[in-house]
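**Q** Take a look at this one; I'll ask things after.
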Amino acid sequence: MPSTSIHLGVPAARLRSGLGVGLLTRLGLLGGFGLLGVVGLLGGFGLLAVCPSTSAAQEYELLDLGASGSANQPWSISRDGFVAGYSQLGANTQGFVWDGSALSYVGIPNGTSRSDMLGVNNLGEAVGKSGLTFENGEAILWHPGGPLESLGTLGGSRSAGLSINDSGQIVGWSKLEGDEESRAFLYEDGTMSALPVLGGTQAQAEWINASGQIVGTSTTDDDGLQQFGVLWEEGEIFRLPPVFPGENNLANFIHDNGDIAGSVRIPGDGGFVRRGAIWRDRGVLLTLGTLADGSGAEPFATSWASGVNASGEIVGMSVNAASTLVPFVYRNGVMTELTELMPEPWVASFVGSGAINDAGQIVVSAFRPGETSRAVILTPATSSTPPQTTASASELRVTTQGETILLSSQTPVRASLDLYDVAGRHIANLLRDAELLGEREVVWNGRSRTGAVAPTGLYFVRLHTPADERRARLVWVAGAGR
């Protein structure tokens, strides 16, 4: 088989700085394996810098989060638009959280030189790790406005928090005493507990959803250090299909509806190949191709899914026809290189686990040629062509009468309803992925998602479907007639 090179969509300067290596390590196996996991994904090919591709019509509006580091990496985005990531600030790296209107750095614990935030929930609580290097350190938790909290380990010297849900349950990985073995953990009520393994000595949890379902990887008794995609549910562990001896699937993300994003190893023309995949009900629902399909690079191409939303939109990474590893978005049966849908001259370089939410927003590391990497949010442009399965613009309505919100749709759609203050901060979710047909009334009780009474003032309601949205003003008077 002829040799080839796969180019990684990350600026060469960022790879030299170590931040690129860090994000690749997070993609691989943080439990002490470093780049081994990535080498397994890429088949051992070299890593070089990306060249911009020809741009198609813009379909996303871009917001630079304003992180001031020389290199910035967003990792995940919550349903309500909170973003977790990290920036290289001089000699140190510091984690950040974007709350929809402002970016907050979380600080660096004493005795360490970096903090990396990797997961965030809809309350703005974020988890990650802190240490002297990306590969070393302990799991940390950050509350908005509060100090960083160490979560400890399962007895070893290293751990990392990777995902947190709105109930405050946290998952990640930790070394056991002696650092020879690692385990996936669930942290709740102040206690870190090891999750079951398929066998062998290594495991890590990547994501936890609102129902407490967890996905990640585990070794078996028969395959050495090979990690296999698994689902933990109600205290049990289930290996995700298909099962080919020695060939590992990887699970990166699980949506609140139970859909799992990752990759499978399946037979190809020249041997086994890695392809992005979605699982549902513990079975493979969808296997993706690559951006190189039909080109000379196809035999060497790989892809994986990093996230999926309620509308079935998928983000991930794929090798393209130019043998470049780049971010993609998959919508309506079509995989498209993400850069082609962004404003020129921006180039997308990497998307992490949970990088897309139900509003279709995507967080991505991107750069303009000749400049350093930036953390950006992509929001579907209002001019984008909506999927045919949703209501048209003329069919969707939202109005208000006091605290009563009136909704209507002439065709059945899945809709969510959210409330924001004048500063753009998310106050409450009033409907989540609910079926809307005809007219419906929703009454806001005047409380935020934390249960606090909202102050008197002007608010904005946002009714949104996978393809469209409507907004209206709501004037709230606290205590009036209540």
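**Q** Looking only at the range 280-314, count how many residues are crowded, with 16+ Cβ neighbours inside 10 Å, acidic (D, E) and within 20 Å of G354 (Cα to Cα).
**A** 1
**Q** Can you pull out every residue in the range 318-345 that is surrounded by 24 or more Cβ atoms within 10 Å (Cβ to Cβ), touching a residue at least 40 places away in the same chain (Cβ under 8 Å) and either among the aromatic types (F, W, Y) or under 21 Å from G85 (Cβ atoms) (or both)?
**A** L325, V326, P327, L338, T339, M342
**Q** Moving on to the next point. Take the residues in the range 448-475 that are outside any strand (DSSP E or B) and either in contact (Cβ under 8 Å) with a residue 60 or more places away in the chain or of a type in the set (A, V, I, L, M, F, W, C) (or both), then tell me which one is surrounded by the fewest Cβ atoms within 10 Å (Cβ to Cβ).
**A** T450
**Q** OK, next. For the range 297-310, check the following and say yes or no: at least one residue is among the hydroxyl-bearing types (S, T, Y), touching a Pro at 6+ places or on another chain (Cβ under 9 Å) and modelled with pLDDT of 95 or more.
**A** Within the range 297-310, one or more residues are among the hydroxyl-bearing types (S, T, Y), touching a Pro at 6+ places or on another chain (Cβ under 9 Å) and modelled with pLDDT of 95 or more.
**Q** Let me ask something else. Restricting attention to the range 165-184, does a residue exist that is among the acidic types (D, E), crowded, with 19+ Cβ neighbours inside 10 Å and in the same structural domain as A210 (by TED's automatic domain parsing)?
**A** yes
**Q** Here is a list of conditions, (1) of a type in the set (G, A, S); (2) at pLDDT below 95; (3) surrounded by 15 or more Cβ atoms within 10 Å (Cβ to Cβ), and G224 meets all of them except one; can you say which number that is?
**A** It fails just one condition, (3).
**Q** Output the number of the condition that N445 fails; it satisfies all remaining conditions of (1) within 29 Å of the chain's Cα centre (by Cα); (2) not in a strand (DSSP E or B).
**A** That leaves (1) as the condition not met.
**Q** Is the range 254-270 home to any residue that is in contact with a helix residue (DSSP H, G or I) (Cβ under 9 Å, 6 or more places away or on another chain), in a strand (DSSP E or B) and surrounded by fewer than 22 Cβ atoms within 10 Å (Cβ to Cβ)?
**A** Yes, because at least one residue in the range 254-270 is in contact with a helix residue (DSSP H, G or I) (Cβ under 9 Å, 6 or more places away or on another chain), in a strand (DSSP E or B) and surrounded by fewer than 22 Cβ atoms within 10 Å (Cβ to Cβ).
**Q** Which of the strands (runs of 3 or more DSSP E) contained wholly in the range 296-356 include at least 3 residues that are over 15 Å from G262 (Cα atoms) and of a type in the set (V, I, T)?
**A** Hits in the range 296-356: none.
**Q** Looking at the range 235-248, which of its residues are more than 21 Å from the chain's Cα centre (by Cα) and over 17 Å from R183 (Cα atoms)?
**A** P241, P242, V243, F244, P245, G246, E247, N248
**Q** Considering only residues that are closer than 21 Å to I278 by Cα and free of Cβ contacts under 8 Å to residues at least 40 places away in the same chain, which ones fall in the range 235-250?
**A** Residues satisfying the conditions are V243, F244, P245, G246, E247, N249.
**Q** What pairs come out if I take residues in the range 257-275 that are assigned by TED's automatic domain parsing to the domain that holds G289 and closer than 20 Å to N320 by Cα and pair them with residues that are of a type in the set (D, E) and assigned to a strand (DSSP E or B) whose C-beta lies under 6 Å away, six or more apart or interchain?
**A** Going by the 6 Å Cβ cut-off, the qualifying pairs are R265/E247; F272/E247.
**Q** For E441, which of the numbered conditions (1) farther than 16 Å from E403 by Cα; (2) at pLDDT 85 or above; (3) surrounded by fewer than 16 Cβ atoms within 10 Å (Cβ to Cβ) fails to hold?
**A** Among (1) farther than 16 Å from E403 by Cα; (2) at pLDDT 85 or above; (3) surrounded by fewer than 16 Cβ atoms within 10 Å (Cβ to Cβ), the lone unmet condition for E441 is (1).
**Q** For the list (1) outside the structural domain of Y60 (by TED's automatic domain parsing); (2) modelled with pLDDT of 90 or more; (3) closer than 23 Å to N122 by Cβ, I need the number of the one condition that S448 fails.
**A** Of everything listed in (1) outside the structural domain of Y60 (by TED's automatic domain parsing); (2) modelled with pLDDT of 90 or more; (3) closer than 23 Å to N122 by Cβ, S448 misses just condition (2).
**Q** Mind checking which pairs have a first residue in the range 82-103 that is within 17 Å of L123 (Cβ to Cβ) and touching a residue at least 24 places away in the same chain (Cβ under 8 Å) and a second that is among the polar types (S, T, N, Q) and surrounded by fewer than 24 Cβ atoms within 10 Å (Cβ to Cβ), Cβ under 6 Å, 6 or more apart or different chains?
**A** Partner pairs satisfying both residue conditions: V97/S104.
**Q** Could you run through the range 122-155 and say how many residues are outside any strand (DSSP E or B), within 29 Å of A359 (Cα to Cα) and not hydrophobic (A, V, I, L, M, F, W, C)?
**A** Result for the range 122-155: 7.
The values are calculated or read from the model by the stated rules, or taken from the named source; none is laboratory data. These figures come from a predicted structure and were not determined experimentally. Because the Cβ atoms are built from the backbone with ideal geometry, glycine has one as well, and the counts that use them run over all protein chains shown.
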